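Enquirer: One structure, pasted below without further comment.
The values are calculated or read from the model by the stated rules, or taken from the named source; none is laboratory data. Not measured: the values here are computed from a predicted model. Here Cβ is always computed from backbone atoms with ideal geometry, including for glycine, and neighbour counts include all displayed protein chains.
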Amino acid sequence: MSTAPRELTVPMLARVEGEGGMHVVVQDGRAVEVQLRIFEPPRFFEGFLRGRSYLEPPDITARICGICPVAYQFSACLAIEDACGVVVPEELRLLRRLLYCGEWIESHALHVFMLHLPDLLGYDGAIEMAADHRGLVESALRMKRAGNELMTVVGGRSVHPVNVRVGGFHRLPEPAALRALRPMLSAALDDALAAVPLLARQEYPDLEQPHLYVALDAGHGYPLESGAALVTSSGLTVPVSSFGTHIVEHQVGHSHALQGRFDGQPYLVGPLARYSLHFAALSPVAQQVASAAGLGRTCRNPFRSILVRLVELVHALVEALAIIDAWDGAPVAAVPVEPRAAEGHGATEAPRGLLYHRYRIDGSGTILAAQIVPPTAQNQPAIEADLRAVVEANLGLDDEALTRACETAIRTYDPCISCATHFLRLTVDRR
Amino acid sequence: MSRAEADDRRILVVGIGNPDRADDAIGPAVLGLVAEQLALRALGARARPAGGSAPRAPLPPCRLVVLPDPMRLVDELDGCELAIVVDAVVAAGPGAQQPGAVLLLGTGQGQPALPVAPDPTAGGTHGLGLPAALELARALGRMPDRVAVVGVVAQQLAPGAPMSAQVRAAIPTAAMQVVGLLATEAAADALHPGDPPPWLPHPVGTLDP
């Protein structure tokens, strides 16, 4: 005889970027229903873009997200440049990588220390944590500020940068201004390294998930500002232009966000995928941090993603310093990009994972079609699978504890659910 | 830090919001009008016509900052004695004010936190809402003596949508509220240098546009 279903409802999950909800129904020891319900503004942006000039997507799509505008700008630039048959010179690619490092530093510092760490240390949030760990929170703010300053110097401002354009930048940063960032970035690196022992000695729940991992290739180092192909943990290499052949988005009744599947199966993009597929491309310092944090060359435990983000934070700081040290200017701030009737594809690695853009333009440069696939939409089925695993492994917990476990599991993904709206409603209801 | 720099840091006026999200643009919009008023006051104080009416008292030196992310406020508050923050407010529940209503709330060092609505979605559209950012500043010892929040009740916050007519109509009221707070500060400082004016309890009240 089956037991009565147990329905778990948490109306609001704090410390995530986005608005949505979750519903879980448990019956006979199984999570028979797990729904992550989210709203997703990028769908509207695809509509806004039709009929606009091919030069506008970097500025328009940057507005999708206040946390990862650079990701939207560069995925848009790459797709438009692909359509127009342009590849920017190496100096400009490096400058893009530097700006992208700023976004990673800002985003990862925020998530690791202000959003995820309170769960590990047993606090309701960063405010409560600050009372006991003031120095740690101060250092997190310093790291975030270093990312902000880098974005301001290269991007023109720290949120929604204005210096990015199709073909390059509106103007090149002054070398002296770049060098002036060095002390702040070095201090941020020291802060990140100082946090390693604290994070390494925490207890992490055991949960190994078999998700298919997908990330950009490492043709230009650890995947970040560009890539020619997607690589997977199953050994596939797929050109970015074939994204739509393998990754298909499905509408589900309980969510406004389309859910992505790779050749029909759930998959995961983001830090765990990047790290596990491209450990060898990390800087030696970042690899040492991984080792000190107790990570192997791959990681399949979503709860340990905080350690992987810390490794990536260190890597971004090291790379930013290296690019600044080697920066010798560029001949031009941007190269001409003339329109032609074509379709283009572009993908970069946003802090939360692969961000894909596709544009079809006519000969005058008018956008006829646009597609934007953000990382959290792609990860949605994998997050639901992890929630199912967390619920079924913790059925003995009371509602409050199980709810907290679910919230923590969702937060490990740093979901940028709406990239513009800011609350997730989590409903866990036992019947 | 020079005396002038320290004076400039003493008073901070902040507009929080995303200019491309409908009524969330109220913070930046109000800051624009406040900047205009400050410039006009400065010009008026220098160019008093002979025999003309007495110029209005100059406003105290202050920093004007537009922030898309309330968390950045934690950094900006460092070294600040008075912060005036303009932000969109989502009012919910019975008795909620109409869109465009201008609210004035106060907090500060030694004062209670801003009242946080039980529904966190009423806290704003930002990842770390304004009340949380202020309380984080308090936990880090960066809470100014006095914080005034000029909140404008929003009607819509959809990405890409224009500002609603009601909220647009409230821009002058909210800006004059900020200028009034600065003028009060200047007058109190002139009468009792170094002795700040009595501070706001909260909530202070609603000003109809």
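Enquirer: Pairs, please: C-beta under 7 Å, at least 6 apart or cross-chain, first residue more than 16 Å from A:Pro69 (Cα to Cα) and not assigned by TED's automatic domain parsing to the domain that holds A:Ala409 and in region A:106-119, second among the polar types (S, T, N, Q) and assigned to a helix (DSSP H, G or I)?
Expert: What qualifies is A:Asp119/A:Thr408.
Enquirer: Let me spell it out: the conditions are (1) buried (at least 24 other Cβ atoms within 10 Å of the Cβ); (2) over 13 Å from the mean Cα position of the chain (by Cα), and B:Val147 meets all of them except one. Which number is the exception?
Expert: The failed condition is (2).
Enquirer: Scan region A:173-188 and give yes if some residue there is surrounded by 13 or more Cβ atoms within 10 Å (Cβ to Cβ), among the hydrophobic types (A, V, I, L, M, F, W, C) and closer than 21 Å to A:Ala292 by Cα, otherwise no.
Expert: yes
Enquirer: Still on this model: Give me a count of the residues in region B:138-161 that are within 12 Å of chain A (Cβ to nearest Cβ), aliphatic (A, V, I, L, M) and either within 26 Å of B:Ala183 (Cα to Cα) or assigned to a strand (DSSP E or B) (or both).
Expert: The total comes to 1.
Enquirer: For residues that are outside any loop (DSSP other than H, G, I, E, B) and among the basic types (Lys, Arg), scanning just region B:56-96, find the one that is modelled with the highest pLDDT.
Expert: Looking at residues that are outside any loop (DSSP other than H, G, I, E, B) and among the basic types (Lys, Arg), I get B:Arg63.
Let's see how each residue does on (1) touching a helix residue (DSSP H, G or I) at 6+ places or on another chain (Cβ under 7 Å); (2) surrounded by fewer than 21 Cβ atoms within 10 Å (Cβ to Cβ); (3) away from every other protein chain (no Cβ under 11 Å):
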residue	(1), (2), (3)
A:Leu78	no, no, yes
A:Gly85	no, yes, yes
A:Arg96	yes, no, yes
A:Ile105	yes, no, yes
A:Leu115	yes, no, no
A:Gly122	no, yes, yes
A:Ser139	yes, yes, yes
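Enquirer: Output the number of residues of region A:142-152 satisfying the condition of being surrounded by 22 or more Cβ atoms within 10 Å (Cβ to Cβ) and away from chain B (no Cβ under 11 Å).
Expert: The number of residues fulfilling the criteria is 5.
Enquirer: With respect to A:Tyr72, determine if the residue is out of contact with any Ser or Thr (no Cβ under 6 Å at 6 or more places or on another chain), buried (at least 24 other Cβ atoms within 10 Å of the Cβ) and touching a residue at least 40 places away in the same chain (Cβ under 8 Å).
Expert: Answer is no for this residue.
Enquirer: Same structure, new question: Quick check, is B:Pro99 modelled with pLDDT of 65 or more, out of contact with any Phe, Trp or Tyr (no Cβ under 6 Å at 6 or more places or on another chain) and not charged (D, E, K, R)?
Expert: It is true that B:Pro99 is modelled with pLDDT of 65 or more, out of contact with any Phe, Trp or Tyr (no Cβ under 6 Å at 6 or more places or on another chain) and not charged (D, E, K, R).
Enquirer: For region B:162-192: of the residues being closer than 28 Å to A:Ile60 by Cβ and of a type in the set (Val, Ile, Thr), which is nearest to the other protein chains (Cβ to nearest Cβ)?
Expert: B:Val167
Enquirer: Also: When you scan region A:95-148, how many residues do you find that are of a type in the set (A, V, I, L, M) and touching a Gly at 6+ places or on another chain (Cβ under 7 Å)?
Expert: 3
Enquirer: Before we move on, is A:Arg352 out of contact with any Phe, Trp or Tyr (no Cβ under 6 Å at 6 or more places or on another chain), surrounded by fewer than 21 Cβ atoms within 10 Å (Cβ to Cβ) and either at pLDDT below 95 or farther than 30 Å from A:Asp386 by Cα (or both)?
Expert: Spelling it out, it is not the case that A:Arg352 is out of contact with any Phe, Trp or Tyr (no Cβ under 6 Å at 6 or more places or on another chain), surrounded by fewer than 21 Cβ atoms within 10 Å (Cβ to Cβ) and either at pLDDT below 95 or farther than 30 Å from A:Asp386 by Cα (or both).
Enquirer: Give the residue, chosen from B:Pro209, B:Pro203, that is surrounded by 14 or more Cβ atoms within 10 Å (Cβ to Cβ), closer than 19 Å to B:Asp24 by Cα, modelled with pLDDT under 65 and out of contact with any Phe, Trp or Tyr (no Cβ under 8 Å at 6 or more places or on another chain).
Expert: Just a single option satisfies the conditions, and that option is B:Pro209.
Enquirer: Kindly indicate which of A:Val86, A:Val70 is modelled with pLDDT of 95 or more and either farther than 27 Å from B:Asp20 by Cβ or outside any loop (DSSP other than H, G, I, E, B) (or both).
Expert: Selected residue: A:Val86, the only one of A:Val86, A:Val70 that is modelled with pLDDT of 95 or more and either farther than 27 Å from B:Asp20 by Cβ or outside any loop (DSSP other than H, G, I, E, B) (or both).
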